[in-house]
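Participant: First the structure, which I've put down as structure tokens, then a few questions once you've had a look.
Every read-out reported here was derived from the displayed coordinates using simple, explicitly stated rules and does not represent laboratory data. Just so we're clear, the structure is a prediction, and the values are computed from it rather than from any experiment. Cβ placement follows ideal geometry from the backbone for every residue including glycine, while neighbour counts extend to all protein chains displayed.
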Amino acid sequence: MTLRKALRPLCLLSVLMLAVSICFAQKDENQPKKSAPSPSKLNKYRSRDSRSSQDLKKASGKVADDDAEGALDEVQEALAESIAQGNVFNEGRSYTLLGDINANISEWKLAVQNYEKAYNVLKPAYGTSDEFKLALQGLAKANMESGNYQVAVDNYTEVLSLKVSESERRRAELELAEVYYRMGNYEESLKIAGTIPQGRSVSGDPELQSQYQNLMAKNYARKNDFDKTRGYLDSSRNTLRLSGGGNAAPTQNAIVQMESAKEDVAGALREQKRYEEEITLRNQSIEFNLDNNNLAEATKDKLELSKTLEAKGDRSEALKELIEAAAIADTIDDPHDQASAYLSLAGLYERNGQNNNALNAYRKYSEAVQRSEAQLTVKMEERARIIRKQSDIEELSKELYVDRSEDNAQKAMIQRQWFVIASLGVIILVIGVMSIFVFRSAQSRQKANQLLALKSLRSQMNPHFIFNALNSVNHFIAQQDERTANRFLSEFSQLMRLVLEYSQEDFITLQKEQEILTLYMKLEHYRFRDKFEYEIDIDESINAESISVPPMLIQPYLENAVWHGLRYRDTVGFLKLSMTQRDSRLLVTITDNGIGRKKSAELKTENQKKHRSTGLKNIKERLTILNTVYSTHYDVKVSDGPDGEGTVVEISLPVTNSNNHG
């Protein structure tokens, strides 16, 4: 309906233009024809002195400096001029740079689209040029990172079919071997890598040599040949230490590749419980990263090292590594690494019976989570600005294509009068198609903004929930109930890990949601065991692993039932959570025999009333966004229980296969 309304005035305008044009054509048929003016934007870029090459050079520099927004400004001008002046070569270069910008922010699907445009623009006339090679290499990399492995294999095969330098050929062969590694075809990966001569072509380039050594290490780790794995990883570190003759630090790309290989190898060692070898590997990595001031990677290594030490039974050393990891994370002020470090540290303190230290670490974890969420929001806003800017560039390029088409139509109209009607018909069609593109683009931007809002709403649920739980810990400690406090901390630690893992997802499986709800109810019963008993009843016919649900949607209603209904009873109450499936709907029912909504409202302070209304508004907004973005129907009904006692909450969710949400 929205698109129809948008097109209606355009259609009426087009009909009016058609009628007016016919009238003018009849009126002026015996008069000399004058050339109609070209569209203003097309004239602007067509008439100016050619400077697209200089703009693209500036854009390349800004891409290298990680100034994406500045680079996009330069690319916009260069692309517009190239389209207006018919400069196919610079048009292709522009799309390649757009792909590079997308790749730098890991927007691989957009990168694929722009590299494909560059590939298609350049191949007919410039299929052997260096610029075409860059576009093809970028396309291959983007397809690999997007998981389009077979397409990436085809792309790298095409690169190898071109006339390329020796180092370019070796790099393409290594990337092709990397694709096969990610596909799990380790034999083919080793076979391709084995064809690379270990002479000047690799050893003359430290980064390329390190990439080769990392690839070999990963493959041999998957084949359980850890002697060769260690040899190649040691060689990779030595190669990077010696790069630049000791006067230059290794490039960030080389370090990232080596860290990725190390994690693959460490994972294989841990799977086989070869703890001593993993510990040695981690310590070597920590030494290398500290020497090269890679403090973030050193922090992650220490966190993983602590897990291995604890699995081995050495808790004191594990605690030492965690304390050092938290200290390093504090020095670089990375809230995400701080959150991970303090959560692990709190868990280990708790398992060692150091409750006060555990509580302090949990508080620091909560603070770091809030800072991390704020930082993530800023990054997402920056990312959204870049994507919107690219959308504007795409719209401008489409407009210039249309303007150029209109300009040619106007010139043809001068030669033959009857062509006026046909030309205007084409314009009407183009306007209609452009309207559809504009409408879809607006929808995409709206969906992106709604998803950002949904993530923000989810993140608002966590701090309140965490502080409630910490208050419960304080309650047990104040009562000198150390045993219950220890049990509560243990369950709370598990729940926090689940919340940290799942709250970043738009959807999780019903099985994972059940796990969160079960732990949550267990924790609440610790605190209010004299106030209520509870039951969780899941229909056995429900396949919880195949159904996806939004995380933390059901928990607030359980919290309201306990905190605003059951805890005010004079006798022990009862809370029941049940789930049943009816056709294509999942019905979640929460029933309690608390004091009811009316009495609860009478007992609340003004501040509590304000908090409750904010929480309910949060849930309502989440449901509204979910229904809008995913074109589905999530519904919640809240009613009083029998005789006005208690509350009944019915949540109706669509049964959606978890695979549909990736």
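Participant: Give the span of segment 184-317's Cα atoms along each principal axis, as three whole-Å numbers ordered largest to smallest.
Facilitator: 48, 37, 19
Participant: What is segment 505-661 by shape, rounded, prolate or oblate, if you read a ≥ b ≥ c off the alpha carbon gyration tensor as root eigenvalues and call it rounded for a/c under 1.5, prolate for a/b larger than b/c, and oblate otherwise?
Facilitator: Details: a/c = 1.97, a/b = 1.49, b/c = 1.32.
Note, shape of segment 505-661 comes out prolate.
Participant: Also, quick follow-up: Using the basic label-point model (7 angstrom from Cα toward the beta carbon), what is the Asn486 to Asp314 distance in nanometres?
Facilitator: Calculated label separation equals 2.5 nm.
Participant: What's the exposure ranking of Met579, Met380, going from fewest to most Cβ atoms within 10 Å? Display every interim value, and only then the final one.
Facilitator: Numbers: Met579 23, Met380 15.
With the sparsest Cβ surroundings first, the list reads Met380, Met579.
Participant: With the cut-off at 1.5 for a/c, could you classify segment 102-204 from its C-alpha gyration tensor as rounded, prolate or oblate?
Facilitator: Oblate.
Participant: Return a whole-number percent for the relative contact order of segment 505-661, with Cα pairs under 8 Å and 6 or more residues apart as the contact set. Don't skip to the end; give the middle numbers.
Facilitator: Values: 248 pairs, mean separation 41.8, N = 157.
About 27 percent, as a whole number.
Participant: So, one more: Taking H placed 1.01 Å from N in the peptide plane, check which residues at least 5 places from Phe574 or on another chain put their amide H under 5 Å from its amide H.
Facilitator: Under 5 Å from the amide H of Phe574: Glu533, Asn593.
Participant: Multiply the residue separation of Leu295 and Glu168 by 0.36 nm, subtract the distance between their alpha-carbon atoms, and state the gained length in nm to one decimal. If you can, show how the numbers build up before the last one.
Facilitator: Values: separation 127, 0.36 × 127 = 45.72 nm, distance 3.19 nm.
Difference between extended and current length: 42.5 nm.
Participant: Still on this structure, please answer the following. Kindly state, to the nearest 0.05, the FRET efficiency for Val88 paired with Lys522, given R0 = 60 Å and r defined as their beta-carbon distance.
Facilitator: Numbers: r = 66 Å, r/R0 = 1.10.
My answer for the efficiency is 0.35.
Participant: Another question, then. In the structure shown, do any of Lys109/Lys307; Lys57/Lys141; Lys302/Lys512 have a Cα-Cα gap over 24 Å, and if so which?
Facilitator: Details: Lys109/Lys307 35 Å; Lys57/Lys141 22 Å; Lys302/Lys512 28 Å.
Checking Cα-Cα distances, Lys109/Lys307; Lys302/Lys512 exceed 24 Å.
Participant: If the cut-off is a Cα-Cα distance under 14 Å, which aspartates and glutamates reach Lys531, setting aside same-chain residues fewer than 8 apart in sequence?
Facilitator: Straight-distance partners of Lys531: Glu559, Asp570, Asp592.
Participant: Through the Karplus equation 6.51 cos²θ - 1.76 cosθ + 1.60, θ set to phi - 60°, convert the phi angles of segment 394-401 into ³J(HN,Hα) values in whole Hz; use x for Gly and Pro.
Facilitator: 4, 5, 5, 5, 5, 5, 5, 4
Participant: State, as an integer percentage, the relative contact order of segment 39-164 based on alpha-carbon contacts under 8 Å between residues 6 or more apart.
Facilitator: 18 percent
Participant: What percent do you get for the relative contact order of segment 184-317 when only Cα pairs under 8 Å and 6+ apart count? Spell out each step's value before the answer.
Facilitator: On the way: 114 pairs, mean separation 25.0, N = 134.
For segment 184-317, the relative contact order is 19 percent.
Participant: Extension gain Thr280-Asp330, at 0.36 nm per residue separation less the Cα-Cα distance, in nm?
Facilitator: Working: separation 50, 0.36 × 50 = 18.00 nm, distance 2.51 nm.
Gain in length upon complete extension: 15.5 nm.
Participant: A follow-up question, please. Leu586's amide H: which non-local residues (gap 5+, or another chain) put their own amide H closer than 5 Å, with H modeled 1.01 Å from N in plane and none for Pro or chain starts?
Facilitator: Those qualifying (amide H under 5 Å, at least 5 residues apart or on another chain) are Leu653, Val655.
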